[in-house]
Amino acid sequence: MMDKLIITAALTGAEVIREQNPNLPVTPAEIAEAAYRCYEAGASIVHVHVHNEDETPTQSAAVFSETIGLIKEKCNIIIIQVSTGGAVGMTAEERLQPVYLKPEMATLSTGSVNFGDDVFLNPPAYMEEFAKVMQKQGIKPEIEVFDAGMINNALQLVKKGLLSEPLHFDFVMGVPGGIPGTLKNLLHLAESIPSGSTWTVAGMGRTELPLGTAAIIMGGHVRVGFEDNIYYEKGVLAESNAQLVERIVCVAGIHSRPVASPDEARRILSLA
Ligand code: KMH
Ligand code: ZN
């Protein structure tokens, strides 16, 4: 029997700007409104990145704190997952700032990967430090897997006592430089994690819908949103993050997979 489907809304990302899609939420108030609309549409987790006023990405504790406060004012129930990936080129200290605000979840990338023309650096020292801080703060990490070897890196952290099972993975597929977003690769990743783990898939661009559909059928979970994909269909920009959530809820319905509420997601993910 499959768990109910956990939908994560990745509302905005470090690499996306309003010029690419005018419906992108940028300010803390816009991000909070988008989170609420995604919750209403069926999301139980919001993955949060924030921006400066000039739209550049930031990991500033002040901006995160304002944004999280506004999300909670609008929607106290949704699970907040902060990004510790931030943007390429940020230091570990910069990236870790939102973790000290004690959100329920935070991302933990377990390996370095080429990222377009850049490199997203996650050497062992970063992974260990990030995992330690999350463990100390009682935050559930979502292990971000941009390529297959990153699963093994996460298992090394388990061996070192820095991560505890059950693990929760996010297969981030289709980043230029990372694992391509094919069904064969998704099957391989899903079969490579320890039994008892949970997983979600974030397919970049046009892979978002087919990989999300596969995850629904396979018993995984799904992430959608403007961080990963700004289009509704080829050449048509999405109107909102909520529109992308609504579509995946519809696909889940077609496949008779009920959608989890935030509290059901907390149980499925063994959140404290
Ligand atoms: N912006 C990417 C370099 C995460 O949120 O944890 C990293 C990223 C991953 O977005
Ligand atoms: Zn992110």
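See the values below:
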| item | result |
| --- | --- |
| Under the Karplus curve 6.51 cos²θ - 1.76 cosθ + 1.60, θ = phi - 60°, whole-Hz ³J(HN,Hα) for the range 48-54, x wherever Gly or Pro sits | 10, 10, 10, 10, 6, 4, 8 |
| The range 8-109 - Rg over Rh from alpha carbon coordinates, Kirkwood radius | 0.93 |
| The range 170-223: Cα Rg divided by the 2.2 N^0.38 Å rule of thumb | 1.00 |
| Carbon plus sulfur fraction of accessible area for the chain, probe 1.4 Å, in percent | 53 percent |
| Average accessible area per residue (Å²) across the range 7-268 - probe 1.4 Å, nucleic acids and ligands excluded | 42 Å² |
| Sorted largest first, extent of the range 7-268 alpha carbons per principal axis (Å) | 44, 40, 39 |
| DSSP bridge orientation in the range 1-104 - percent antiparallel, rounded to nearest 5 | 20 percent |
| Spherically averaged projected area of the range 126-272 from its Cα convex hull (nm²) | 9.2 nm² |
| Förster radius 25 Å - calculated FRET efficiency between Ser197 and Lys74 (Cβ-Cβ, nearest 0.05) | 0.20 |
| Of Gln20, Gln135, Gln59, the one that fluctuates the most in a GNM where the chain has Cα springs shorter than 10 Å | Gln20 |
| Spin-label pair Ser256/Gln137, simplified geometry with 7 Å Cα→Cβ offset, distance in nm | 4.2 nm |
| Count, lysine Cα pairs under 27 Å in the range 7-268, 8 or more residues apart or across chains | 19 |
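The values are calculated or read from the model by the stated rules, or taken from the named source; none is laboratory data. Just so you know, these numbers come straight off a predicted model, no measurement behind them. Quick reminder, even Gly has a Cβ in these numbers, built from the backbone with ideal geometry, and neighbours come from all protein chains shown. What goes into the accessible areas is simple: the full protein's heavy atoms, side chains included, and nothing from ligands, DNA or RNA. Shrake-Rupley method; radii C 1.70, N 1.55, O 1.52, S 1.80 Å.
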